[in-house]
Every structure is written in structure tokens, then in C-alpha cells.
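Below is one structure, written out as C-alpha cells; comments come after it.
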Amino acid sequence: MSPLARLGHQLQLNENPYGPPPSVREALSQALSSANRYPEFLPRRLPRLIAERLGVGADHIVVGAGATGVIMHIVQEFGSGGAGVVMAMPTFDGYPILTSMAGGRPVTVPLTPDGRQDLDALAEAIDPGTRLVVLCSPHNPTGTLIAPREFEKFLHRVPTTVTVVLDEAYVDFVAGEDRIEALALVEHHSNLLVLRTFSKAYGLAALRVGYAVGAPGLIDRIARWQLPFGMNALAEVAVRACYAAEAEIEARVEMIAGHRHRLTAGLRELGLSVPDSYANFSYLTLPEPDIDRVAAGLAGADIHVKRYPTGIRITVGDGDATDAVLTTVRSTVQ
Ligand code: PMP
């Protein structure tokens with residue numbers, strides 16, 4: 001068994017259940033014969049490749065070791081010296097953790113009872129000590145989406161001295177018509193950074209590739225934190241091969257959407273409360289005592305999920321994982 005393989009149903013990290021398509025695996029195997037060579041001193045080719053794909057200038061892109069690596073550089077630039085970083089709570093754990101690592105102050109705003117980020121309360125939490133505000137769409141852990149008009153209204157409320165991060169780690173799971181026109185907004189808002197990753201829909205979590213899109217001045221400020229030789233050389237090979245295998249990637253995204261639909265519908269049939277999710281996970285909203293019972297049931301069935309104070313986040317796995325979750329949850333609530 002590969003040392004990277006893990007047992008049970010691993011539904012706690014919002015990973016793609018499917019390994020890379022064969023053509024991507026083949027490109028990576030061939031690239032391994034050059035593993036003795038360093039990558040570029042600072043990444044130039046990878047941002048160019050992504051920029052061409054998105055139809056923006058290469059000076060609009062900064063890459064990092066996963067979106068996590070880019071977030072680290074963003075908080076190093078904007079979140080140090082006790083600066084306020086406004087974010088929803090709960091959110092992707094990386095935000096409070098990395099903000100504190102960089103010497104910043106996470107300022108947290110509770111989600112609404114239906115699992116949405118409270119945009120009014122987030123805007124009101126911005127004060128003269130704030131340098132960064134973070135929104136995720138779809139949101140982690142609830143999978144909810146910010147409507148394009150709501151986001152634009154929010155952007156206009158934020159002072160231009162505050163940088164706005166729009167984290168779109170899961171955007172590839174969102175239907176085109178529901179998406180925020182994030183790249184167009186970057187052209188008009190020099191304080192906006194859009195964050196994306198190859199870890200989710202593209203299934204390259206092990207290779208650590210993420211990026212931000214923003215105005216060149218902002219991108220330069222983040223790029224100056226990049227570690228020399230810090231980007232994995234296989235990242236570029238994998239991204240290039242994934243772009244050439246877009247149809248297979250899309251087919252996986254559709255399969256995951258199908259399983260998500262079945263998981264959500266199955267959980268709702270049990271009378272459980274699950275917000276509409278636009279990502280590769282579903283959030284089971286539960287009262288406190290039930291969380292423990294359902295979480296214990298899932299753990300007993302070797303199904304690994306992530307527990308929150310108001311519920312349980314379950315990554316959408318393959319068909320077997322969906323069956324296993326539904327069977328187990330049914331047995332714990334009936
Ligand atoms: N943003 C969000 C909202 C996430 O959920 C995650 C990973 N779970 C990330 C960023 C980081 O992803 P990665 O570092 O793998 O690119």
C-alpha cells in the first residue's frame with residue numbers, strides 16, 4: 001500500500017475522492033526523473049500558465065504552496081503587528097491560525113443561524129485597526145454561497161485601505177451562473193484578492209498549489225514573501241497536465257455534485273437540517289447533544305468527519321462513502 005494511502009472513509013479534509021486522471025499521473029511519473037533538479041528560483045512559468053488560462057496578465061497572479069501558502073504570505077504582508085483580520089467564525093481554520101502566526105489579531109463574526117456569513121456584521125466589524133477582511137464563497141464549513149450582488153455591495157462598503165480576500169477554494173463546484181464575476185471585479189477594485197486552489201476540484205492536494213488573483217501592485221506585495229525555490233517543481237507539471245485533461249476533471253466534479261446531491265437529500269430525508277451546499281461537502285446542523293452522538297456513530301464506523309460547535313462537516317466522497325455515511329447517520333438518529 002502507498003504510504004500516502006489511508007484507511008476508512010476520509011471525509012474530514014474536503015479532499016477529492018478521485019486520484020488524478022491517468023494522463024496527469026503519466027506526466028508526473030515522467031517528471032520524477034528530473035527530481036534531482038531545483039525548481040525555478042521564484043515561480044514565473046506557473047503564474048504565466050494560470051494567467052493564460054484565466055485570460056489575465058501574469059502580473060495579476062501569485063502562486064503558493066496551496067492556498068494555505070498564499071494566505072500565509074497575505075497575512076505576513078497585511079496581518080502583522082497586531083493588525084485586525086476580520087473573518088466569519090467558523091471559517092477555514094487556516095485564517096485564524098495563520099493570522100495569529102503572523103502576529104495579527106483575528107476578529108471573528110458569528111455565522112447567521114442558517115450558516116451564512118453575515119456580510120453586514122462583517123462590514124461593521126471593520127475599524128481603523130483592520131487591514132484585512134476574509135470572505136469565502138462557497139463558505140467552509142457550511143457550503144453556502146454569497147450572491148454576486150451582495151458581494152459587490154460589501155466591496156463598496158469596505159475602505160480601500162483594507163484588503164478583501166475572496167476565498168474561492170471551492171468555486172469549481174459552483175455552476176457558472178451562480179458565480180461572482182471575481183476576475184472582472186479585480187480590474188476595478190485594487191484592494192481585492194481572489195484565492196483559488198488546485199487541491200479540491202483538480203484533486204492535487206498532495207502537490208500544494210494555490211494562487212491569488214489581484215491588481216499587480218497588490219500581487220507584488222504578496223510575492224515578496226515567497227520562499228526561494230519554494231514551489232514544488234511537480235506543481236507546474238501537474239497543473240499543465242490537468243488543464244489538458246479538463247474534460248476528465250469536469251466529469252469528476254459532476255460525479256461529486258451527484259454524490260453531494262444524494263448525500264444532502266438522504267440526510268434531509270432523515271429530518272436533518274442541511275444548508276444547500278455549493279462545495280464538495282455537506283454541513284449537518286445539529287443541536288449540541290446530537291452532535292456527539294452522530295460524531296461517535298460515524299467514528300465507530302471508521303468514517304472521519306470534522307466536528308464544529310453547531311454541526312458536522314462531511315466531505316462528499318465516492319458512492320461507497322455516501323452509502324456508508326447515510327447508513328450510519330440513519331442508525332444514530334432513528
Ligand atoms: N480556503 C478554504 C476555504 C479551504 O477550505 C481550504 C482547504 N480546506 C483552503 C483555503 C486551503 O487549501 P490548500 O492549501 O490545500 O490549497
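Every number here is computed from the coordinates shown, using simple stated rules; none is lab data. As the structure is a computational prediction, the values presented were derived from the model and not from experiment. Positions of Cβ are backbone-derived with ideal geometry, glycine not excepted, and every protein chain shown enters the neighbour counts.
Under a 10 Å cutoff between Cα atoms, tell me which one of ILE222, ILE97, ILE312 has the largest fluctuation in the Gaussian network model of the chain. Of ILE222, ILE97, ILE312, the Gaussian network model singles out ILE97 as fluctuating most. Exposure proxy shown here: for HIS156, HIS304, HIS259, the number of other Cβ atoms within 10 Å sets the order, fewest to most, as HIS156, HIS304, HIS259. Across the chain the C-alpha pair distances fall into 10 Å bins from zero in the proportions 6, 25, 33, 25, 10, 1 percent. When the alpha-carbon atoms of region 146-230 are used, the pair Rg, Dmax equals 14.0, 40 angstrom. Summarising the label geometry, the points placed 7 Å from Cα in the beta-carbon direction at MET89 and GLU250 lie 4.2 nm from one another. Label-to-label distance for ARG37 and ASP120 is 5.8 nm, based on points extended 7 Å past Cα in the beta-carbon direction.
Counting beta carbons within 10 Å around each of TYR283, TYR18, TYR38, TYR202 and listing the fewest first gives the order TYR38, TYR18, TYR202, TYR283. Of the three principal axes defined by the Cα atoms of region 212-285, the extents in descending order read 52, 28, 21 Å.
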